[in-house]
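A quick write-up on the structure given underneath.
Taken together, the values in this text are just the output of simple stated rules run on the coordinates, not laboratory data. Remember, it's a predicted structure, so these values are computed and weren't measured experimentally. Here the Cβ positions follow ideal geometry from the backbone for every residue, glycine too, while neighbour counts run over all protein chains shown.
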Amino acid sequence: MEPQGMLGGTISLLEKTLDLRSMRHNLIISNVANMDTPNYKAFDIIIKEELEKAMGAEKAIKLENTRSGHLPGRETCSGSVKSRAVGSQQITLRNDGNSVDIDREMAKLSENNLMYNALAQVISRKFEGLKNVIQGGK
């Protein structure tokens, strides 16, 4: 049995999301490094959109509610995730044409760091659970 089948693609999705978070970190750092470069336009990776694209109808697993009291199910993804840097839509308020707002970039960096750490903890716990099962709950 291949690992993806055993875990339902969760590890693969977490891995891809961690990769996207890492790429976003590098992009935000690049924006900060170019904050004094004339006519530089800030870029970002829209992670949610990229993950939603990967969750196409043919690749999604539908969950069914068997009882009225159950919470609605969510779809899982086993598709490929590709990154795409997009230009920032924020308005340039500087005379040199640079669109980097240091406060906004630092807030995005902080949020991205929190999400990366949370995802790393989730994947770590998945592997701890597998290790526990392999060892027979000892």
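Table for the structure above
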| read-out | value |
| --- | --- |
| Violating pairs (Cα-Cα greater than 18 angstrom) within the set K16/K48; K48/K126; K16/K131; K16/K41 | K48/K126; K16/K131; K16/K41 |
| Estimated distance in nm for a label pair at S68 and S124, the labels positioned 7 Å out from Cα along Cα-to-Cβ | 4.4 |
| Per-peptide average of other Cβ atoms within 10 Å, ordering 110-122, 24-36 highest first | 24-36, 110-122 |
